[in-house]
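Visitor: There's a structure below that I have some questions on.
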Number of protein chains: 2
Amino acid sequence: MPGHLGEFERIARFFAPLAQGFPGALGLTDDAALITPPPGRDLAVTTDTMVQGVHFMGDEPPGLIAAKLLRVNLSDLAAMGAAPLAYTLNIALPAETGDDWLRAFADGLAADQRAFDIGLAGGDSVSTPGPVCLTVTAMGSVETGRALRRGGAQTGDIIYVSGSIGDGALGLRLLRGELAGLAQEQADELIGRYRLPRPRIGLGARLVGLASAAIDISDGLAADLGHVLECSGGGGAGPAGAEIEAAAVPLSDAARAALAGDAGLMEAILTGGDDYELLFTVAPGHAGRVAALATDLAMPLTPIGRMTAGGGLRVVGVDGGEMVLRRKGWTHG
Amino acid sequence: MPGHLGEFERIARFFAPLAQGFPGALGLTDDAALITPPPGRDLAVTTDTMVQGVHFMGDEPPGLIAAKLLRVNLSDLAAMGAAPLAYTLNIALPAETGDDWLRAFADGLAADQRAFDIGLAGGDSVSTPGPVCLTVTAMGSVETGRALRRGGAQTGDIIYVSGSIGDGALGLRLLRGELAGLAQEQADELIGRYRLPRPRIGLGARLVGLASAAIDISDGLAADLGHVLECSGGGGAGPAGAEIEAAAVPLSDAARAALAGDAGLMEAILTGGDDYELLFTVAPGHAGRVAALATDLAMPLTPIGRMTAGGGLRVVGVDGGEMVLRRKGWTHG
C-alpha cells in the first residue's frame, strides 16, 4: 500500500524495535510476515478495532490505549485456549499526532509484549482526517483440534466464571459520573478494571481438555452466556438453556460496596461489558479438577449455575425470585 | 470486544455468508478463527488499512472499494510467492451507513473471494464518528523457507517487471483532472488500473525458486526497487545498486499515448504508485526460464535493467542520458 514517506521513518523508529523479538516479522521490511504455528498446533486468529470517541476518549495515556487494544485481543485468544504468538498492528492517526504520543503508545505495547510473550509481526501506518482508528490482529497457537469453543456445553454442565464480574461496567459508570459514594481507592480499582483488561491467558490454556465450552466476557455476562447457549444447542432443535444465581456471581470488594449503596446495580453487573473474564462450562464430574486449578492458579473460579435443556437464560435474583434483565448486553461500539 | 447489538445482525446478514467456504472461520460465531497452513508450508501474513478521504474518496461503488482493499493485500501475498488462504476484515463505519452500501461492499468481497480463492475467516465491525476506516489482514501459504524476499538480489541479476508500469499513476492524474487529451477508452483503462489492482498471484507462486528477490510495486517503481536495494546489500557494507533503462520499462498503449503528448510524464510513470505489478530479480542464467514463464502465463515479463554492486539506483533516460528523479515515491497515505 502506498504510504507517506514519513511512514517508513515512523515504522523504523517506533515499531521495528517491537518486532526484533519475532524472527517471522522479517524486520518489518518485507511485503508480509511469516508465521507458522508449532507442529501439532492450530493457529487461532482474532482481531479487534478501537476507535477514538467510541472505544476510548483519546485523552487516556497512550500506553494504556495500546495495552487495552492488545489485551482485548489476547482475551479472545484466552477464550480459545490459545498461547499468544504474534500480532499485527494497524494505526490510522491524524497528521498532528506527535512523536511523544507514538513513543508512549509503543512503550505500552513493548511492556505488554513482554508480559504476554507475544511479538509484533507486521502492520500498517496511515494518516486519517478523522479520529484515531486502531486494529490489532492477534495470533496464538492451540493444540490441533482442541481449541475451546462456544458450542460444546452440555445439559447439566456447571457454569463457571473467573475472577470478579461487573467491575469494568461499574468503572465506566464512574468515568461517566453515573456512580458516586465509593472510597477513592475502590473507585480507582473499578476504573482500572475498565481501562486495563486482564486477559486470562494462563487459565485458557489450562481449560483445554477440561472445559466443554468457553467464551470471554466482553459484551456482558448475560449476553456472552447467551452466545454459549445459541452455539451449544439444547436437547432438541433449539438453543440450550441455563440457570444462574445472581447471589453466586463473584464480586470484588469495590463492587460489593457499590451494590450496598444501590442494589439496582446488580443488573449492570450482570449485563455490563468489559469484564474480560472467562466464562466456561465443565461436566459435573470434573468440578474437583476446576477447584484444584483455582488453587493452582491462585484465581477465583466460581460456579454460578448450570446448563439446562432449553428455555433460554434464567437468572435467580438475590431475593430468590426470577430476575428479568431489561437488556442483555452492552451497546457501545 | 463489546459491540453494538446491531453488529451481530450485520455480521450474520452480510458477512457470515462470506465465511461459509472457510471452515476455520467457525461461522464467525467464536472468539477466534482457526487457520493452519498445510504441512510443509509457512503462513504469510500481510495487512493494509484504507481510510476514506486518503485512500479512496467514498463515492466509488462500494464493491470497488472492497475489491481494492482485498487486492492490495493479495498483491503483497503475491510478492512473497504465497497462495491466498484466508483474510480477516475490520470495518469502522459511520452510523448512517446503509444496508445498500454494506450489501454492495459484501458483494464485491464475494466476487473477489471466488476470483482469488480466499475465504473470510473473521473480523470486527464497529461504528465511527469519522471517515470509513477499513483493514484487511490477508493470510497465504508458501513452501517453508522459500518465500520470496526483498533481500536476495545479487550483483548482475536481471531486474524484471510484470505487465505495464505507470498506468495507476496516470489514472490518478486523470481522476484529479491533471491529465487530458486522451481518448475516452484509454482514459477509462488508466482509471481502471488505478481503481482496481490486478494482484499477480499466479506469477508470484511461479517465481518461488526462480527469483532471487521480489516486491510488489505499490509505492512506485523507483521507490520499490529502492527497497530491494536497501534489503539486498551490495558487495561491500552498503546497499546494492541498480541500473535501469527508461526505454525498456513496459508501457500500455494508453500510457504510450499519454507520454506522446507529454514526454515529461516518464517521471510520473517511474515514481508513481499503485501499479501492483511485481518487480523481481533473476540470475542471468535463468533468463530463458523467465521467458518461458511469460509465454506460459501469457503475461509480459520485461527485463528493465541489472543489479550493480552499489551506487544506488541509476536510471538511463530515453535519450541515453542519466535521468535524475526529483522524487522517489508516492506520498499519499
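Visitor: Among the numbered criteria (1) free of Cβ contacts under 8 Å to residues at least 40 places away in the same chain; (2) in contact with a Lys or Arg (Cβ under 9 Å, 6 or more places away or on another chain); (3) surrounded by 19 or more Cβ atoms within 10 Å (Cβ to Cβ), which single criterion is violated by B:Ala78?
Guide: Only one criterion is unmet by B:Ala78, namely (1).
Visitor: Look through B:Ala180, B:Ala169 and report the one residue that is more than 30 Å from B:Asp30 (Cα to Cα) and either modelled with pLDDT of 95 or more or buried (at least 24 other Cβ atoms within 10 Å of the Cβ) (or both).
Guide: After applying the criteria, what remains is B:Ala169.
Visitor: Before we move on, is A:Ile11 more than 8 Å from every other protein chain (Cβ to nearest Cβ), among the β-branched types (Val, Ile, Thr) and within 20 Å of the chain's Cα centre (by Cα)?
Guide: Here the answer is no, as A:Ile11 does not meet what is asked.
Visitor: Let me ask another. Inspect all residues belonging to the range A:120-133 and state whether any of them is crowded, with 23+ Cβ neighbours inside 10 Å, charged (D, E, K, R), more than 14 Å from chain B (Cβ to nearest Cβ) and in contact with a strand residue (DSSP E or B) (Cβ under 8 Å, 6 or more places away or on another chain).
Guide: No, that holds for no residue.
Visitor: In the range A:135-149, which residues are β-branched (Val, Ile, Thr) and not in a loop (DSSP other than H, G, I, E, B)?
Guide: A:Thr135, A:Val136, A:Thr137, A:Val142
Visitor: Related question: Identify, from the list A:Ser218, A:Ser252, the residue that is within 14 Å of another protein chain (Cβ to nearest Cβ) and of a type in the set (Ser, Thr, Tyr).
Guide: A:Ser218
Visitor: Sort out which residues of the range A:224-259 are out of contact with any strand residue (DSSP E or B) (no Cβ under 7 Å at 6 or more places or on another chain) and modelled with pLDDT of 95 or more, and write them in order of number.
Guide: Across the range A:224-259, the qualifying residues are A:Ala247, A:Leu251, A:Ser252, A:Asp253, A:Ala254, A:Ala255, A:Arg256, A:Ala257, A:Ala258, A:Leu259.
Visitor: State all residues of the range A:30-47 that are more than 7 Å from chain B (Cβ to nearest Cβ) and part of a loop (DSSP other than H, G, I, E, B); if no residue qualifies, say none.
Guide: Scanning the range A:30-47 gives A:Pro38, A:Pro39, A:Gly40.
Visitor: Cβ contacts < 8 Å: first residue farther than 18 Å from A:Asp219 by Cα, restricted to the range A:48-67; second residue of a type in the set (Ser, Thr, Tyr) and surrounded by 14 or more Cβ atoms within 10 Å (Cβ to Cβ), any location; separation 6+ or different chain. Result?
Guide: Note: pairs meeting the criteria are A:Gly53/B:Thr128.
Visitor: Right, another one. Within the range B:104-115, does at least one residue satisfy the condition of being in the same structural domain as B:Met139 (by TED's automatic domain parsing), in contact (Cβ under 8 Å) with a residue 12 or more places away in the chain and either at positive phi or not in a helix (DSSP H, G or I) (or both)?
Guide: No: zero hits.
Visitor: Which one of these is closer than 18 Å to A:Leu325 by Cβ, touching a helix residue (DSSP H, G or I) at 6+ places or on another chain (Cβ under 8 Å), free of Cβ contacts under 8 Å to residues at least 24 places away in the same chain and surrounded by fewer than 24 Cβ atoms within 10 Å (Cβ to Cβ): A:Leu259, A:Leu175, A:Leu265, A:Leu251?
Guide: A:Leu259
Visitor: Which number in (1) out of contact with any strand residue (DSSP E or B) (no Cβ under 7 Å at 6 or more places or on another chain); (2) assigned by TED's automatic domain parsing to the domain that holds A:Ala258 marks the one condition that A:Ser162 misses?
Guide: (1)
Visitor: Can you tell me which residue is farthest from B:Thr295 (Cα to Cα) among those in the range B:155-165 that are within 16 Å of the chain's Cα centre (by Cα) and in a loop (DSSP other than H, G, I, E, B)?
Guide: B:Ile165
Visitor: Looking at the range B:54-88, which of its residues are assigned to a strand (DSSP E or B), among the hydrophobic types (A, V, I, L, M, F, W, C) and more than 10 Å from chain A (Cβ to nearest Cβ)?
Guide: Selection gives B:Phe56, B:Ala83, B:Leu85.
Visitor: Only one of B:Leu174, B:Leu109, B:Leu93, B:Leu170 is of a type outside the set (Val, Ile, Thr) and within 14 Å of another protein chain (Cβ to nearest Cβ). Can you tell me which?
Guide: B:Leu93
Visitor: Out of A:Gly181, A:Gly168, A:Gly152, A:Gly202, I need the residue that is assigned to a loop (DSSP other than H, G, I, E, B), at negative phi and not assigned by TED's automatic domain parsing to the domain that holds A:Arg10. Which one?
Guide: After ruling out the rest, the residue left standing is A:Gly152.
Visitor: Sort out for me the helices (runs of 4 or more DSSP H) sitting completely within the range B:219-285 that have 1 or more residues that are within 16 Å of the chain's Cα centre (by Cα) and assigned by TED's automatic domain parsing to the domain that holds B:Asp188.
Guide: Where helices (runs of 4 or more DSSP H) fall fully within the range B:219-285 and carry at least 1 residues being within 16 Å of the chain's Cα centre (by Cα) and assigned by TED's automatic domain parsing to the domain that holds B:Asp188, they are B:221-232, B:265-271.
Visitor: So which residues in the range A:320-331 are over 14 Å from A:Ala248 (Cβ atoms) and modelled with pLDDT of 90 or more?
Guide: A:Gly321, A:Glu322 - these are the residues of the range A:320-331 that are over 14 Å from A:Ala248 (Cβ atoms) and modelled with pLDDT of 90 or more.
Visitor: Here's a follow-up. Kindly indicate whether any position in the range A:89-108 is closer than 17 Å to A:Arg198 by Cβ and either surrounded by fewer than 24 Cβ atoms within 10 Å (Cβ to Cβ) or of a type outside the set (S, T, N, Q) (or both).
Guide: Yes, some residue in the range A:89-108 is closer than 17 Å to A:Arg198 by Cβ and either surrounded by fewer than 24 Cβ atoms within 10 Å (Cβ to Cβ) or of a type outside the set (S, T, N, Q) (or both).
Visitor: Something else: Tell me the residue from A:Thr144, A:Thr137 that is crowded, with 20+ Cβ neighbours inside 10 Å, more than 24 Å from A:Met299 (Cβ to Cβ), of a type outside the set (A, V, I, L, M) and within 14 Å of chain B (Cβ to nearest Cβ), please.
Guide: Among A:Thr144, A:Thr137, only A:Thr137 is crowded, with 20+ Cβ neighbours inside 10 Å, more than 24 Å from A:Met299 (Cβ to Cβ), of a type outside the set (A, V, I, L, M) and within 14 Å of chain B (Cβ to nearest Cβ).
Visitor: A further question follows. Considering the range B:16-33 alone, what residues qualify as being surrounded by fewer than 24 Cβ atoms within 10 Å (Cβ to Cβ), touching a Gly at 6+ places or on another chain (Cβ under 9 Å) and either aliphatic (A, V, I, L, M) or in contact (Cβ under 8 Å) with a residue 40 or more places away in the chain (or both)?
Guide: Answer for the range B:16-33, where residues must be surrounded by fewer than 24 Cβ atoms within 10 Å (Cβ to Cβ), touching a Gly at 6+ places or on another chain (Cβ under 9 Å) and either aliphatic (A, V, I, L, M) or in contact (Cβ under 8 Å) with a residue 40 or more places away in the chain (or both): B:Ala16, B:Leu18, B:Gly21, B:Phe22, B:Gly24, B:Leu26, B:Leu28.
Visitor: I would also like to ask the following. Scanning for something of a type in the set (Val, Ile, Thr) and surrounded by 24 or more Cβ atoms within 10 Å (Cβ to Cβ), does the range A:184-195 turn up at least one residue?
Guide: Within the range A:184-195 (the criterion being of a type in the set (Val, Ile, Thr) and surrounded by 24 or more Cβ atoms within 10 Å (Cβ to Cβ)), the answer is no, since none of the residues qualifies.
Visitor: For the range A:15-23, check the following and say yes or no: at least one residue is more than 12 Å from every other protein chain (Cβ to nearest Cβ), in contact with a strand residue (DSSP E or B) (Cβ under 7 Å, 6 or more places away or on another chain) and within 30 Å of A:Leu225 (Cβ to Cβ).
Guide: no
The values are calculated or read from the model by the stated rules, or taken from the named source; none is laboratory data. As the structure is a prediction and not an experimental result, all values here were calculated from the model. Note that each Cβ is placed from the backbone with ideal geometry, even for glycine, and that neighbours are counted across all protein chains shown.
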